[in-house]
Amino acid sequence: MGVFKDRQAVEANLQNYAVTFLTTYERLCGNKCPTLHSRLPFLKQGILATVAYGRDAFLILSRNSRQPPGKSSMATWDESEYPQLSIAEDVDSIAEIVELEEILYSKKLESLEPKYLDVALGIKEAEEEAEELLEQNMRMIHPTPEDAVDRMKQAYELLFRLENSFRQLIEKKLKMEFGEEDWWEKGTTHHAKENSVRHQKDARWKWHEPIKASPLNYVDFECLHDIIVNKNWEIFKDILGPLPTFSANVKNLEMPRIVIAHSNTLSQQEFYDFRRNVERLLRVVKAYLQ
């Protein structure tokens, strides 16, 4: 289980599917929205079509920045390349294991038998999914109010997860370095201490009372970055390095954070860039915390 019996047949079907999908998408895009052609996010990067075979088989279409715009590639993975696939049960876990980028579309395959794949990865399926993805992307460019709400719900959740993951990481590492009693005094910056004290005294932060166990809960995002980079980089570099890449990723979050905080709407491209940066950072932090 989890290892291809006829990889050649699977890859032949997958290749035909990927070519049909991309060709159909380009044609429909040119017909339906020629003025948006250059702006649609899907066209800014290539596509990777893959069948990943763990406990179940999944067809996954994802963005692939290593591919030239408008080009496609295909691949298959099984437990011989990634033993972790033996316990993968959903597309998110598979995407993390094989390090796929943003997932465009995925579905569980009932069987990897060539006869079944002729239908599941056939021309009709490829054309239907290409049309569906184009409609989704057009709504990303001109979102309905409901689309905008969904996008910003995702953005807020990502920001919440990242900021609190940073807090967990900082407290854990500083306690290891300076001890349970001294981590806050010795490991944080003067600005962070002032920031925390001021917010705890501010009446507008009274709603924060239930989770005040750590003084870091009152510290702004910028202070978290300073604690890591300007005060303790030697402690964190093995986890978060290299420094220029980490700082650039964090800096790229500044404007989206302001938009989210003021209940405005990120454009599709802003949201995509924001999500990519946050997920990249979360993967690193999560790997350490787990």
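General remarks:
- Matching option when the condition is modelled with pLDDT of 90 or more and farther than 27 Å from GLU270 by Cα, among GLU209, GLU171: GLU171
- Residue, nearest to the chain's Cα centre (by Cα), within the range 227-256, restricted to residues that are hydrophobic (A, V, I, L, M, F, W, C) and over 15 Å from VAL284 (Cβ atoms): MET255
- The range 257-266, subset surrounded by 16 or more Cβ atoms within 10 Å (Cβ to Cβ) and modelled with pLDDT under 90, residue nearest to the chain's Cα centre (by Cα): LEU266
- Across the range 35-86, the number of residues qualifying as at pLDDT 85 or above and not small (Gly, Ala, Ser) comes to 19.
- The range 125-165 - residue that is over 27 Å from PHE21 (Cβ atoms) and small (Gly, Ala, Ser) and, of those, farthest from the chain's Cα centre (by Cα): ALA148
- Residues of the range 168-192 satisfying the condition of being surrounded by fewer than 18 Cβ atoms within 10 Å (Cβ to Cβ), within 17 Å of ASN230 (Cβ to Cβ) and not hydrophobic (A, V, I, L, M, F, W, C): GLU177, GLU185, LYS186, THR189, HIS190, HIS191
- Tally of residues being surrounded by 11 or more Cβ atoms within 10 Å (Cβ to Cβ) and in a helix (DSSP H, G or I) across the range 211-229: 13
The values are calculated or read from the model by the stated rules, or taken from the named source; none is laboratory data. Fair warning: this is a prediction, and the values are worked out from it, not measured in the lab. Quick reminder, even Gly has a Cβ in these numbers, built from the backbone with ideal geometry, and neighbours come from all protein chains shown.
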